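See structure below.
Any read-out appearing in this document is the output of simple, stated calculations on the displayed coordinates, not a laboratory observation. Given the structure is predicted, the values throughout are model-derived calculations rather than measurements. We place every Cβ from the backbone using ideal geometry, glycine too, and count neighbours over all the protein chains shown.
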């Protein structure tokens with residue numbers, strides 16, 4: 001009897017074992033839930049539009065809009081009145097931040113007070129209605 005037996009594994013079996021191991025590890029990957037998901041959905045927005053020109057009266061718009069996940073990391077898309085859709089960043093704490101691409105003529109700030117309520121203000125130059133103060137409540 002040989003004390004050091006040599007085992008021979010067919011190459012087809014080796015390939016099959018490698019493939020099975022790969023499938024097992026791939027199926028163990030966890031699909032992390034996107035932290036933006038609880039903030040998405042349909043919202044009733046109230047927008048108070050005001051102007052730096054005090055001779056122009058404020059205007060209030062009520063609109064059933066939406067919040068959805070954007071294509072970039074941390075991005076969400078807010079459609080709060082028919083002619084305005086904005087892409088902004090959402091932190092994991094619910095803060096809304098403007099993209100750097102907006103430039104110096106735009107200021108923006110806001111937050112989700114909860115997944116069911118958001119508020120933000122956006123101002124820019126020039127324009128008749130230079131500031132939008134927006135509140136959104138989940139429908």
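Here are the numbers for this structure:
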item: Percent of Cα-Cα distances greater than 16 Å, calculated over the range 37-138; result: 55 percent
item: Separation of the residue 57 and residue 34 label points, Cα + 7 Å toward Cβ, nm; result: 4.2 nm
item: Förster radius 30 Å - calculated FRET efficiency between residue 42 and residue 104 (Cβ-Cβ, nearest 0.05); result: 0.35
item: Length released on extending from residue 91 to residue 68, taking residue separation times 0.36 nm less the Cα-Cα span; result: 6.8 nm
